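As structure tokens, the structure follows; a few thoughts come after it.
The values are calculated or read from the model by the stated rules, or taken from the named source; none is laboratory data. Note that the coordinates shown come from a computational prediction; the quantities given were computed from them, not determined experimentally. Every residue, glycine among them, receives a Cβ derived from its backbone with ideal geometry; neighbour counts consider all protein chains shown.
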Amino acid sequence: MASAVPGGRPAPGTITELQLLFTRDMTSVWRTTNRYAGIAAGIYFLGVFVYLLVTAVIPITMSDAWRGIGDVIAVSSYLLCVVPLGGIALLELGIIGKGRDASNQLKLHAVFVAGFLVVALVAMIFGMLSPSVM
């Protein structure tokens, strides 16, 4: 396997998500690390979501201070990241996906990761646009 060094250990710098997808080793330290990181990321981003909603989105909306649709799309997309990250946390806590076997839970986890990457990329692209473009 290209991503492992002799002895079956993961190569340095390998992302836990990819390591699990390639090895399917659900008993490794990578699985444990991945589980706790998913829970922490979901809980952390829920806090970020609430904070930004209360301190930025609501005040900007109430004062009609959005600089254009690009800003609205960027911020909305960023806040939408709470859905896939929250999904990962709920999956790792056993709240959703209970009836699935380990392989299907891994697939659902990968779908949440892909969803996060798509939504975060949209936020990044629209966040870099000049308000004069849109």
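In the set V119, V72, V133, which member is under 22 Å from A41 (Cα atoms) and β-branched (V, I, T)?
Sole residue among the options that is under 22 Å from A41 (Cα atoms) and β-branched (V, I, T): V119.
Would you check which residues across segment 112-134 are within 13 Å of the chain's Cα centre (by Cα), surrounded by fewer than 14 Cβ atoms within 10 Å (Cβ to Cβ) and either under 23 Å from L93 (Cβ atoms) or touching a residue at least 60 places away in the same chain (Cβ under 8 Å) (or both) and list them?
A114, L117
Which ones in segment 45-77 are in contact (Cβ under 8 Å) with a residue 40 or more places away in the chain and over 22 Å from L129 (Cα atoms)?
Passing the criteria: F45, L46.
Is there any pair linking a residue in segment 90-102 that is within 18 Å of Y44 (Cα to Cα) and free of Cβ contacts under 8 Å to residues at least 24 places away in the same chain to one that is part of a loop (DSSP other than H, G, I, E, B) and of a type in the set (K, R), with Cβ under 6 Å and at least six apart or on different chains, and which?
none
Restricting to segment 1-20, name every residue that is of a type outside the set (D, E) and either in a helix (DSSP H, G or I) or at pLDDT 80 or above (or both). Show your work before the answer.
Here is the first cut: in segment 1-20, the ones of a type outside the set (D, E) are 1-16, 18-20.
Result: T16, L18, Q19, L20.
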